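Reading through the C-alpha cells given below for one structure.
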Amino acid sequence: MNRCYDAPRQQHHLQVAQLLEAGTTATAYCAWALWMLGYPDQALERGRQTLALLEQSEHPYTQSRSLYWNTILHEFRQEWAIVDERATRAMKSADEHGFSLVLAAGQIMQGAAMAATGQGKAGLQQMRDGLHAYQDKGGLFQRTHHLAMFAKALNAEGFPEEGLEALQDAANLVEATGEHYYEAEIHRLKGELLLTASPQAVTQAEACFHQALDVARYQEAKSLELRAATSLTRLWRQQDKNHEARELLALVYNWFTEGFDTADLKDAKVLLSELT
C-alpha cells in the first residue's frame, strides 16, 4: 500500500474533492483488518503508521476521522487509556471543525473507556449521549459495533436486559446494512448477557457461543474466534467438561504467533493453565 501512495498528489485531490486522505484511511483500516485476522502486533504497527501519516496531513476531516479509527484499534486491544486519549483528541478536532458525526463517535469511545476503567455510570451516560447524537445525525456506519460496546458496559453495570435490547438492535442492523464485521462479537456478548440475566440460560448461551465461533471461523477472524472460544470454554468448565474446554481453547490459542501481551491472549492463557 505505501509504495502506491503519493502524498503531495493526494493533497491536491483532497483540495479539489474534499474527501478523506486515502493513504491514512487505508492504513487505519488495515490495522483493523490485521487485528481481526489474528495479528495484534502487526495491527499496532499499522496504527503507529496511521498516526505518523497524520503528522503529515493538513486535512482536518482526515485527522479527526483517523484519530477515531485509531480508538477502535485500541478498543480491540483493550488498551483503555489510549482509547480515552485518542478519543479526546478526535473530539477536540471534530469540535473545532464542526464534524458532528465524528464528535458523537468520539463520545461513544470515550464513554466506553470510562466504563471499562471504573467510571461505569458516567461512562454509560457518555455512551448514551454519543449514541443518540450519532443516530440523530443519520449515522449507521459502525453502529453495530457501538451498540455491542454499549451492551457490554450495561452488563458490567448490572443492566443485562437493557444490554440484550442493544444487542438485538445491533443484530437487526447487521441484517439491514450488511455490516458483518462485528457479528461474531454480537453473538458472543448475547451469550454472556443471557447468563448474567439468568444463570439457567445455559442452553441459549451455549448456542450463542457456537454461533459466534461459526461466524468468526467463516470470516477467518481469529481474534474474535479466540474470544468466542474463551467464553465457551468458561461455560464448559462450569459443566465439568474440562477436556473438551481445553481442547477447544488450545486449538485457537496455539494458532497465534504474536500479541501475547494483549488482554485477550493473556486471559486465554490463564484459563488454559486452570484447565490442566
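The values are calculated or read from the model by the stated rules, or taken from the named source; none is laboratory data. What you see is a predicted model; the values in this text were computed from it and never measured. Note that each Cβ is placed from the backbone with ideal geometry, even for glycine, and that neighbours are counted across all protein chains shown. These accessible areas exclude ligands, DNA and RNA; they are computed on the full protein's heavy atoms, side chains included. Shrake-Rupley method; radii C 1.70, N 1.55, O 1.52, S 1.80 Å.
Taking the centroid of alpha carbons for each part, the stretch 40-82 and the stretch 96-149 are 17 Å apart.
The residues of the chain present an accessible area of 47 Å² per residue when probed at 1.4 Å with all protein chains retained.
The value of relative contact order for the chain, using C-alpha pairs under 8 Å at least six residues apart, is 13 percent.
R0 = 45 Å: FRET efficiency of Lys92 with Leu251, Cβ-based, nearest 0.05? Here the calculated transfer efficiency is 0.50.
For Asp136 and Lys266, FRET efficiency with R0 = 45 Å and r from the beta-carbon atoms, rounded to 0.05? Don't skip to the end; give the middle numbers.
Numbers: r = 39 Å, r/R0 = 0.86.
With a Förster radius of 45 Å, E is 0.70.
Rg to Rh ratio, the stretch 74-228, alpha-carbon atoms and Kirkwood radius? Intermediate values should be presented prior to the final figure.
Numbers: Rg = 15.4 Å, Rh = 15.8 Å.
Taking Rg over the Kirkwood Rh, I get 0.97.
Over the stretch 112-232, calculate the relative contact order: mean separation of alpha carbon pairs under 8 Å at least 6 apart, over the residue count, as a percent.
Numbers: 146 pairs, mean separation 22.9, N = 121.
Relative contact order comes out at 19 percent.
Within the stretch 49-82, whose backbone N sits under 15 Å from a point 7 Å along Cα→Cβ of Thr117? Residues 71-72, 74-82 fall inside that zone. Sorting His97, His74, His180 by accessible area puts them as His97, His180, His74; the probe is 1.4 Å, largest comes first, and only protein heavy atoms count.
Carbon-plus-sulfur fraction of the accessible area of the stretch 176-276, 1.4 Å probe, in percent?
Values: 2480 of 4940 Å².
Roughly 50 percent of what the probe reaches on the stretch 176-276 is carbon or sulfur.
Each peptide in 136-145, 208-217 receives the mean, over its residues, of other Cβ atoms within 10 Å, and ordering these scores from highest gives 208-217, 136-145.
Compactness ratio of the chain: Cα Rg over 2.2 N^0.38 Å, N = residue count? Don't skip to the answer; put the middle values down first.
Working: Rg = 19.2 Å, N = 276, 2.2 N^0.38 = 18.6 Å.
So the Cα radius of gyration is 1.03 times the expected 2.2 N^0.38 Å.
Calculated FRET efficiency, Ala156 to Glu258, Cβ-Cβ distance, R0 = 22 Å: about 0.20 to the nearest 0.05.
Largest accessible area first, the listed residues Glu192, Glu247, Glu58, Glu85 line up as Glu58, Glu247, Glu85, Glu192 when surface is computed with a 1.4 Å probe on the assembled protein chains.
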